[in-house]
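A quick write-up on the structure given underneath.
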Amino acid sequence: MRIAQIAPLYERVPPVAYGATERVVHYLTEALVADGHDVTLFASGDSLTSARLVACCERALWRDARVDDTLGHHVRLLETVAQRAADFDVLHFHCEPLHLPLARRLPTPSLTTMHGLLREPDVGLLLREFADAPLVAISASQRRAMPFANWRATIHHGLPSNEFDARAAPGDYLLWMGRMMPAKRPDLAIDIARRAGMPLKMAAAVHPGERAYFAGEIAPLIERSAGFVDYLGEVGGDARATLLRHARALLFPIDWEEPFGMVMIEALACGTPVVAFRRGAVPEVIEQGVSGFVVDDVEGAVEALRRIGSIGRRACRDAFERRFTAARMTRHYVDVYEQVASHAMQR
């Protein structure tokens, strides 16, 4: 098939460090190319891909100090896609839903993966207006928030099997990794680690809108925990894999309805169990007592860490192989592409 992958422009594809959506777009694009599909990637100009790249800005917008407002760049991205739409069998959008009015009027069928949190006050009217737009959810939890939408499938994210390798014996530290935002609760990760008496490494991006939160709420906690909490900043590449592979466990004490949680499956791919709060997609990703523990509060997390040795690292890796590979994700997307393209031909 001739497939267009349309990525947000915030981070390159794949991202340097943080950037779950761009990372998923990369894994999907590379797997589609490997399977013999003709793929074009619309993304930032510094992206690295085996597909044909259409650069829609010079570099990732969050990495470009000259850029303050990203909206105009994404509007131009949509115009670039529209000019070339007839060259494809299907357009796969991974951006904010700015494209829905345009996609309705293009000659090429499209599919939209909803990567973010869906709230009725934010997108309810939009998804009702565009009830004909084919959508993919990244978890059942995300999908339940908008049951009336035109869902064609629920497809969990996946990673290439060779992206991470597992370590048989863990290190002596806990890990919290992600984006430094209140809903991810880095403060609770510090509290859990202190109560459990286990050192904590924290690897996190601090985006411009979150600098005040980090400086006012989290940095003082880290300073008071010197020698116990090791804050590493944003970590990518081999260093990210090493951190995940050697961690005793990944802490995921979220305080929001996380639509998926990419770092959880990265941990499982490394053989590292996860201790996570029962919010959002967590119960879909973590198998209780097999690949980690799903808990309800700080006390539950501390108790789970006392039993973390009962979780086999081989079992974590096996759970990843069974459920979260890029090959599995790609097969499911191709099925949906074929459905969407077939439906368009019948109209």
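The values are calculated or read from the model by the stated rules, or taken from the named source; none is laboratory data. These figures come from a predicted structure and were not determined experimentally. Don't worry about glycine lacking a Cβ; one is built from the backbone with ideal geometry, like all the others, and counts go over all protein chains shown.
Of all helices (runs of 4 or more DSSP H) completely enclosed by region 245-313, which ones contain at least 1 residues that are under 19 Å from Ala169 (Cα atoms)?
Result: 262-269, 298-306.
Which number in (1) among the β-branched types (Val, Ile, Thr); (2) surrounded by 19 or more Cβ atoms within 10 Å (Cβ to Cβ); (3) in contact with a Gly (Cβ under 9 Å, 6 or more places away or on another chain) marks the one condition that Thr49 misses? All conditions pass for Thr49, except number (3).
Any idea how many residues of region 1-52 are farther than 19 Å from Thr330 by Cβ and either touching a Phe, Trp or Tyr at 6+ places or on another chain (Cβ under 8 Å) or modelled with pLDDT of 95 or more (or both)? Of the residues in that region, 9 qualify.
Per-residue answers, yes or no, for (1) surrounded by fewer than 22 Cβ atoms within 10 Å (Cβ to Cβ); (2) modelled with pLDDT of 95 or more; (3) not polar (S, T, N, Q); (4) not assigned by TED's automatic domain parsing to the domain that holds Ser139:
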{"residue": "Gly233", "(1), (2), (3), (4)": "yes, no, yes, yes"}
{"residue": "Ala241", "(1), (2), (3), (4)": "yes, no, yes, yes"}
{"residue": "Leu268", "(1), (2), (3), (4)": "no, yes, yes, yes"}
{"residue": "Pro273", "(1), (2), (3), (4)": "no, yes, yes, yes"}
{"residue": "Val285", "(1), (2), (3), (4)": "no, yes, yes, yes"}
{"residue": "Gln288", "(1), (2), (3), (4)": "yes, yes, no, yes"}
{"residue": "Arg307", "(1), (2), (3), (4)": "yes, yes, yes, yes"}
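Assess whether Asn162 counts as being without any contact (Cβ under 8 Å) to a residue 12 or more places away in the chain and among the polar types (S, T, N, Q). Taking the combined requirement at face value, the residue satisfies it.
Residues in region 301-317: is at least one in contact with a strand residue (DSSP E or B) (Cβ under 8 Å, 6 or more places away or on another chain) and without any contact (Cβ under 8 Å) to a residue 12 or more places away in the chain?
yes
Applying the selection to region 141-189, what residues are in a helix (DSSP H, G or I), surrounded by fewer than 23 Cβ atoms within 10 Å (Cβ to Cβ) and in the same structural domain as Ile311 (by TED's automatic domain parsing)?
Of everything in region 141-189, those that are in a helix (DSSP H, G or I), surrounded by fewer than 23 Cβ atoms within 10 Å (Cβ to Cβ) and in the same structural domain as Ile311 (by TED's automatic domain parsing) turn out to be Pro182, Ala183, Asp187, Leu188.
Every condition in (1) among the hydrophobic types (A, V, I, L, M, F, W, C); (2) part of a helix (DSSP H, G or I); (3) surrounded by fewer than 17 Cβ atoms within 10 Å (Cβ to Cβ) holds for Leu28 except the one numbered (3).
Within the set Phe252, Phe277, the sole residue that is under 15 Å from Asp191 (Cβ atoms), aromatic (Phe, Trp, Tyr) and surrounded by 24 or more Cβ atoms within 10 Å (Cβ to Cβ) turns out to be Phe252. Note on region 315-342: residues that are modelled with pLDDT of 95 or more and either over 21 Å from His157 (Cβ atoms) or part of a loop (DSSP other than H, G, I, E, B) (or both) total 1. For Gly237, the conditions (1) surrounded by 12 or more Cβ atoms within 10 Å (Cβ to Cβ); (2) in contact (Cβ under 8 Å) with a residue 40 or more places away in the chain; (3) under 23 Å from the mean Cα position of the chain (by Cα) are fulfilled apart from (1). Restricting to region 190-238, name every residue that is touching a strand residue (DSSP E or B) at 6+ places or on another chain (Cβ under 8 Å), within 22 Å of Arg313 (Cα to Cα) and not in a strand (DSSP E or B). Correct list: Ile192, Ala193, Ala196, Met198, Pro199.
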